[in-house]
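**Student:** The structure is given below, and queries will be raised subsequently.
The values are calculated or read from the model by the stated rules, or taken from the named source; none is laboratory data. Please read all numbers here as calculations on a predicted model, not as lab measurements. Cβ coordinates were reconstructed from backbone atoms using ideal geometry, including for glycine residues, and neighbour counts include every protein chain displayed. Only protein heavy atoms, including side chains, enter the accessible area calculation; ligands, DNA and RNA are left aside. Shrake-Rupley method; radii C 1.70, N 1.55, O 1.52, S 1.80 Å.
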Amino acid sequence: MKKKDLTSQQIVEAAIGLFAVHGIEKTSLAMIAGEVGITKPSIYYHFASKDELVERVFDYMFSDYHFDHYFSLTEMNEHNFAEKLYQGGLRMFPEEEEAFVPVMRLLNEFMLTANRSANYGQRVIAMQQSFLDGFRELMRLGADFGIIERQNADSKAYVLALVIDNVTSYIMMDIRLDYQAIWREAVNSTLRKGADILESRDGIQ
């Protein structure tokens with residue numbers, strides 16, 4: 001990696017940490033430069049403005065934050081639907097909770113900066129809507145397989161999205177929960193009677 005690229009990445013990572021602690025508005029370029037160990041004018045060699053740096057942070061943090069990154073409908077069938085749903089949801093939860101907190105704080109920060117020209121608030125809302133739409137499509141696929149009751153498919157989709165959203169909020173507040181067990185129960189609640197129910201076993205916590 002070239003020195004310019006390396007320093008750009010260092011600036012982005014420093015900005016992420018400071019934005020999560022102090023907020024985007026209260027974090028100055030001087031603070032970011034000090035964190036990296038460079039002068040404030042040096043930042044302009046990599047980013048034309050703070051807004052450009054904020055844009056880069058947004059793209060860096062949320063480039064993989066989309067429904068298809070966690071759930072692949074094309075890989076699902078009537079035999080693996082429940083487990084694919086369960087495993088996909090688990091991938092949305094952090095492997096290391098400490099590393100996850102800044103991500104959620106930044107998500108909230110971008111919601112609060114909706115008045116910026118890039119309109120981050122609307123972009124975050126669009127991301128969240130894509131998950132609602134994705135879960136709805138997933139539940140309708142389950143109904144096609146005969147695993148989900150079609151009549152309540154949309155409501156079940158929104159329940160799953162809300163469970164994930166609330167669990168991640170509790171993780172951000174450092175409230176310890178057995179979120180794997182919670183997600184398993186949420187998945188089981190969507191399955192119609194007679195469908196295969198996920199059970200606690202090796203590999204499924």
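**Student:** Go through the stretch 116-130 and count every residue that is within 15 Å of Met104 (Cβ to Cβ) and open to solvent by 10 Å² or more (accessible area, probe 1.4 Å).
**Tutor:** Within the stretch 116-130, residues that are within 15 Å of Met104 (Cβ to Cβ) and open to solvent by 10 Å² or more (accessible area, probe 1.4 Å) number 2.
**Student:** Among the numbered criteria (1) among the hydrophobic types (A, V, I, L, M, F, W, C); (2) under 19 Å from Leu73 (Cβ atoms); (3) modelled with pLDDT under 95, which one does Ile204 miss?
**Tutor:** So Ile204 meets the others, but not (2).
**Student:** If you don't mind, there's one more thing I want to ask. What are the residues in the stretch 144-177 that are without any contact (Cβ under 8 Å) to a residue 24 or more places away in the chain, within 16 Å of Ser189 (Cα to Cα) and surrounded by fewer than 17 Cβ atoms within 10 Å (Cβ to Cβ), if any?
**Tutor:** Selection gives Arg150, Gln151, Asn152, Asp154, Ser155, Leu162.
**Student:** Within the stretch 10-29, restricting attention to residues that are part of a loop (DSSP other than H, G, I, E, B) and either open to solvent by less than 50 Å² (accessible area, probe 1.4 Å) or touching a Phe, Trp or Tyr at 6+ places or on another chain (Cβ under 6 Å) (or both), which residue is farthest from Met61 (Cα to Cα)?
**Tutor:** My answer is Ser28.
**Student:** Could you check how many residues of the stretch 25-45 are at negative phi and out of contact with any Leu (no Cβ under 8 Å at 6 or more places or on another chain)?
**Tutor:** Count: 13.
**Student:** Suppose we keep only residues that are under 21 Å from the mean Cα position of the chain (by Cα) and of a type in the set (S, T, N, Q) within the stretch 117-154. Which one would you say is nearest to Ile24 (Cα to Cα)?
**Tutor:** Within the stretch 117-154, the match that is nearest to Ile24 (Cα to Cα) is Asn119.
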